Amino acid sequence: MKILYLCHRIPYPPNKGDKIRSFNEVRYLAARHELDLLCLADDPGDLKYRAELEKICRRVEVFPLDPTRAKVRGLLSLAKGNSLSAGYFHQRDMQQCCDRLLQEGDYDAVLCFSSTMAEYLFRAAPQKKSPRRVMDFCDVDSDKWLQYAAESRIPLTWLYRLENRRLADYERGIYRAFDHSVLISEAEALLFRGICPEARDIAVIPNGVDYDYFSPERESTRVLSVDTPNLVFTGAMDYHVNVDGVCWFCREIWPLLKKDFPPLRFTIVGSKPTPAVLALAKLDGVAVTGFVDDVRPYYRDADVCVIPLRLGRGVQNKVLEALAMGKAAVATAKANAGIQAEDGTHLRLADSPRDFAAAVATLLRDPSQRQTLGGNARRFVTERYDWATNMEKLEKLLMTV
């Protein structure tokens with residue numbers, strides 16, 4: 001089968017949410033079919049990774065995305081009555097390449113990763129052959145704008161609410177125009193049906209986790225002090241959902257924990273920390289690492305992993321990774337919504353600052369409970385979140401008319 005894969009960010013390195021999913025899709029499909037990859041790169045430093053993708057794909061085309069120009073395109077799109085997001089990620093050079101490949105490539109299927117990639121098919125030149133169209137929405141992006149609006153002030157809240165409505169219209173149009181639509185969890189599928197009631201045949205394909213790579217049995221040099229209890233959060237620290245989560249944790253929960261555990265340390269691990277995140281390092285016991293080559297030693301050294309997310313949905317890879325490492329974790333219900341781990345069996349769930357602090361404190365005081373939770377957690381992800389099993393479902397969709 002010949003597949004054209006369109007992606008809004010270069011799917012390498014697989015070190016954060018969307019890149020982890022897109023890379024595993026590309027790797028699985030390219031090993032079994034002829035796959036051509038077209039993608040954008042919003043970080044100039046990512047352009048060097050094209051060579052890594054060329055090792056597995058038949059063809060790779062990467063187009064640099066300038067964020068300033070992209071914002072202008074997005075606002076112009078919004079002014080014309082369209083989606084800001086679709087305009088932001090649409091570039092003429094990538095469209096021209098897409099048109100040429102669709103004319104010459106004789107593809108059996110086109111897989112779009114994220115709703116904004118549909119624009120390249122909507123604007124494509126007429127083709128002799130119409131390949132099957134599959135959209136991996138991952139999450140319902142329009143709902144994220146509604147969440148952003150709730151956390152913002154005028155005039156941004158007006159802008160975000162407008163984009164919520166525009167993007168929801170766009171997502172409905174995608175569902176009608178594509179042969180298959182994919183979402184990352186049952187929770188996201190239910191949310192999508194709320195904005196598109198006709199969507200009865202959505203495919204739910206969860207993420208996976210590389211549980212051989214994220215294994216507690218792999219040895220590594222210790223990176224956190226053995227003399228103090230340690231909490232760890234991992235994630236891309238320029239992502240608004242993560243920034244909001246760690247700021248809320250440090251503002252509302254951290255003081256409660258430090259009162260009972262004065263030596264406690266909290267380490268925030270992840271690339272591109274924003275000024276708001278960097279400022280958290282001024283708090284007693286809080287450290288911000290920035291980019292690290294390998295997050296596993298931090299997971300391994302953590303007594304408890306915390307995932308205090310108030311925004312976002314979908315499948316949170318940071319939860320899967322912590323559970324795969326056999327760690328005791330405390331998360332909000334929102335962070336667990338796409339994973340559906342069981343409270344008290346695989347992890348602890350808490351949403352208020354006092355409940356979250358109490359759950360962490362209980363685990364810090366009880367090593368046996370941490371060990372039991374961690375063992376259950378690893379078994380849960382190895383049974384439910386296997387990449388090969390989940391990607392086989394995607395492959396079948398691509399082959400189905």
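Each of Ser130 and Arg354 was given a label point 7 Å from its Cα along the Cα-to-Cβ line. The distance between the two points is 6.0 nm.
Within the chain, Cys57, Cys97, Cys98, Cys112, Cys138, Cys196, Cys247, Cys250, Cys305 have no other Cys Cβ under 4.7 Å of their Cβ and so lack a disulfide-compatible partner by this rule.
Of Trp248, Trp254, the sequence from fewest to most neighbouring Cβ atoms within 10 angstrom is Trp248, Trp254. The structure shown yields percent of Cα pairs over 32 Å apart, and of the options [x] 58; [y] 52; [z] 35 that calculated value carries the label [z].
Between Leu373, Leu156, Leu191, the Gaussian network model of the chain with springs among Cα atoms under 10 angstrom shows the greatest mean-square fluctuation at Leu156. Relative to the longest principal axis of the Cα atoms of the chain, helix 141-150 runs at roughly 50 degrees.
Extending 7 Å from Cα along the Cβ direction at Glu383 and again at Ser271 yields two label points whose distance is 3.5 nm. For the range 245-300, trypsin sites (Lys or Arg not before Pro) are listed when DSSP marks them as loop and at most 10 other Cβ atoms sit within 10 Å of their Cβ; the list is Lys282. Where does helix 17-30 land angle-wise versus the long Cα axis of the chain, in degrees 0 to 90, nearest 10? Tilt relative to the chain: about 50 degrees.
If only the Cβ of Lys and Arg carry +1 and only the Cβ of Asp and Glu carry -1, the dipole of the range 230-384 around its Cα centre is close to 40 debye.
Ranked by how many other Cβ atoms sit within 10 Å of their own Cβ, fewest first, the residues Ile56, Ile268 fall in the order Ile56, Ile268. Net charge dipole, the chain: roughly 640 debye, given to the nearest 20, about the Cα centre with Cβ charges of +1 for Lys and Arg and -1 for Asp and Glu. For the chain, a Gaussian network of Cα nodes joined below 10 Å ranks Ala124, Ala357, Ala377 by mean-square fluctuation, and the top entry is Ala124. Does anyone have the angle between helix 387-398 and the longest principal axis of the chain? Alpha-carbon axes, 0 to 90°, nearest 10? Helix 387-398 and the main axis of the chain meet at about 20 degrees.
For the peptides 288-297, 77-86, the ranking by mean Cβ contacts within 10 Å, running from highest to lowest, is 77-86, 288-297.
The helix-based estimate of mean residue ellipticity at 222 nm for the chain, built from -39,500 (n - 2.57) per DSSP H run of four or more residues and divided by its residue count, is -13000 deg cm²/dmol to the nearest 500.
Bear in mind that the values in this text are calculations on the coordinates, not laboratory data. If you're wondering where the values come from, they're calculated on a predicted model, not measured in any experiment. With ideal geometry, Cβ positions are generated from the backbone for all residues, glycine too; neighbour counts draw on all protein chains shown.
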